[in-house]
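Everything on this sheet refers to the single structure shown next.
The values are calculated or read from the model by the stated rules, or taken from the named source; none is laboratory data. The structure presented is a predicted model; accordingly, all values stated were derived computationally and were not measured. Cβ coordinates were reconstructed from backbone atoms using ideal geometry, including for glycine residues, and neighbour counts include every protein chain displayed. In case anyone asks, the SASA skips ligands and DNA or RNA and just uses the protein heavy atoms, side chains included. Shrake-Rupley method; radii C 1.70, N 1.55, O 1.52, S 1.80 Å.
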Amino acid sequence: MTPRLSSRMTIDALCRRVAAEGGFATVLARGDDQAGAILIACAERGVVRQLLERALDPAGAYRWSPCGPQDMASAQALSDYMARRRARDPDLWLIELDVAQAERFAAEMTATD
């Protein structure tokens, strides 16, 4: 079994990388430090473009999968979706990355995770 970074360490590293690139990372809701699921709102200039969730694939490696409501342009639909997810899983981390190509940062963290 390959050792993995805890959820908290993954998020801290991701936030530092985004800040180093001149972006902003905001923890919207804290989850379990060790094994909490992670949901990232990928934004550019304050507009959320995509939601990604970290999940294990069949081979046991973490991957980022798109998730969220059908209408990503609706701020209310995004807010409702994240609130429902958090209500079902209080250990879930909700993070917003506001940086160009936020999906790239998530993918790079998976490669090192």
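Here the stretch 18-113 carries DSSP beta bridges of which approximately 75% are antiparallel, counting only pairs with both residues inside. For trypsin sites (Lys or Arg not before Pro), the sites in the stretch 16-113 that DSSP calls loop and that have at most 10 other Cβ atoms within 10 Å are ARG45. On a per residue basis, the chain carries 58 Å² of accessible surface, using protein heavy atoms and a 1.4 Å probe.
Overall shape: rounded for the stretch 14-113, with the ratio a/c of the largest to smallest alpha carbon gyration tensor axis below 1.5.
Which parts of the stretch 74-100 would a label at GLU44 reach, counting a residue when its backbone N lies under 18 Å from a point 7 Å out along Cα-to-Cβ? The answer is 74-75, 96-100, whose backbone nitrogens lie closer than 18 Å to the label point.
Ellipticity at 222 nm from helices only: DSSP H runs of n ≥ 4 in the chain, each -39500 (n - 2.57), divided by the residue count, give -11000 deg cm²/dmol. The simple spin-label model puts a point 7 Å past each Cα toward its Cβ; for ASP71 and GLN101 those points are separated by 3.2 nm. For the stretch 51-100, treating each Cα as an identical point scatterer without solvent, what Debye log10 I(q)/I(0) comes out at q = 0.29 1/Å? For the stretch 51-100 at q = 0.29 Å⁻¹, log10 I(q)/I(0) is -1.21.
Surface composition of the chain: carbon and sulfur make up 52 percent of the accessible area, probe 1.4 Å.
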